């Protein structure tokens with residue numbers, strides 16, 4: 001007997017008239033007996049579906065010597081799989097099958113998740129589920145196919161990492177902020193590690209993590225929840241639950257040291273500068289309060305930088321005309337808390353001087369110009385944005401996946417609109433105080449082209 005965790009469904013008379021969170025409130029979810037969560041967000045605006053199978057494994061779960069294996073396995077999942085119920089997959093057959101039904105499909109690997117997803121007509125949902133059940137069952141891990149995919153990954157590595165000095169520098173800055181070894185390597189891995197992977201390594205990684213109790217099926221769009229639950233039981237319910245390793249998300253272990261670093265490279269064409277601070281870990285890592293704190297941080301950052309009337313960009317780009325772009329983000333995320341200020345100076349302007357002026361403006365604005373009027377304006381923008389996201393096919397699916405990634409409670413989205421509307425100026429000032437009063441000494445990173 002399946003265990004129904006929570007049901008929130010209502011008559012859908014007029015989607016336009018519903019409040020921002022109402023489409024999220026159409027979400028229903030259940031857990032199969034083998035531990036696999038199934039989330040369904042019903043939306044009959046168009047005869048289309050966005051579906052994804054997300055596994056709770058990513059780059060942070062890799063061991064030294066195998067960095068990049070989560071991403072390589074994602075590639076290899078499409079290169080052949082053994083039969084399940086008499087049906088296997090030849091190399092490329094997964095993509096070819098979805099192409100024939102007009103689907104747009106892809107996969108992605110992050111620090112926390114590996115996801116396989118597609119958009120397609122709602123009549124084809126079972127095809128997607130059959131294919132992904134075969135992937136959960138196993139992969140062929142053919143040596144020749146692995147060599148080919150290593151070549152593909154190597155091209156990605158060269159584009160995203162080896163030939164992207166700005167991306168490397170930004171990654172290492174964030175790694176310093178996080179201050180723990182698990183975050184030091186890039187998601188794509190290291191060349192020496194992924195090139196040395198063997199078919200046995202991939203099979204072992206799959207057998208360790210790709211189990212129903214470590215996976216979530218998310219389906220959004222023109223579907224009936226009960227029918228999706230029945231299909232999930234039919235195609236995934238036969239898999240046995242298998243214990244998976246405990247997932248450790250360590251807090252910072254290394255101190256964050258004030259520093260000044262300059263990176264010059266012929267591949268950098270636009271000078272820029274960043275300044276980063278580590279914040280104290282005083283916010284809960286999971287649960288409702290953590291979710292609320294993260295949205296307060298997002299509101300604060302967007303109050304400063306979003307919209308045509310954004311004070312930060314208006315000052316630097318319009319009034320002073322010293323920057324082509326500027327940004328500020330304050331992140332509260334599972335014990336990894338920091339703030340980053342960035343600028344792209346106008347040609348002829350010194351990046352550090354522009355960065356210093358941006359910081360002076362930022363501190364003065366946070367101390368003196370946080371107003372209820374601006375907060376209410378930004379809250380309205382957030383709620384409007386929630387309407388647009390909720391009324392799309394993929395928006396709710398990706399939103400719920402973000403909660404999967406942080407091991408949060410799916411129910412937070414049912415009260416998201418209330419969470420946003422209940423934010424007060426005191427909530428925002430409390431987040432600002434983490435930066436103004438308790439931040440570490442900063443590290444500054446300057447990027448620029450090689451001087452001739």
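Readers should treat all values here as calculations from the given coordinates under stated rules, not as data from a laboratory. Keep in mind that this is a model prediction, so the values were computed, not measured. Quick reminder, even Gly has a Cβ in these numbers, built from the backbone with ideal geometry, and neighbours come from all protein chains shown.
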Quotient of C-alpha Rg and 2.2 N^0.38 Å, computed over the stretch 174-255: 1.56
So the FRET efficiency between residue 144 and residue 181, C-beta based with R0 = 35 Å and rounded to 0.05, is 0.55
Based only on Cα atoms, what mean projected area does the convex hull of the chain have, in nm²? 22.9 nm²
Using only Cα atoms, find the angle between the long axis of helix 199-209 and the longest principal axis of the chain, and express it within 0 to 90 degrees, rounded to the nearest 10. 80 degrees
Two-decimal ratio, the stretch 206-317, of alpha-carbon radius of gyration to 2.2 N^0.38 Å: 1.73
Just to be sure I understand: if I project the alpha-carbon convex hull of the stretch 316-415 onto a plane and average over all orientations, what area do I get in nm²? 9.0 nm²
Please give the helix 351-368 orientation as an angle from the longest Cα principal axis of the chain, in degrees from 0 to 90, rounded to the nearest 10. 90 degrees
Starting from the Cα of residue 267, step 7 Å along the direction of its Cβ; do the same at residue 196; then give the gap between the two resulting points in nm. 2.3 nm
Among DSSP bridges having both ends in the stretch 32-236, what percentage is antiparallel? Round to the nearest 5. 80 percent
Based on the Kirkwood radius over alpha-carbon pairs, what is the Stokes-Einstein translational diffusion coefficient of the stretch 212-267 at 20 °C with 1.002 mPa s viscosity, in µm²/s? 126 µm²/s
Kirkwood hydrodynamic radius over Cα pairs of the stretch 32-236, then Stokes diffusion coefficient at 25 °C and 0.890 mPa s, in µm²/s: 137 µm²/s
Taking the Cα atoms only, what angle lies between the long axis of helix 143-157 and the longest principal axis of the chain, rounded to 10 degrees? 20 degrees
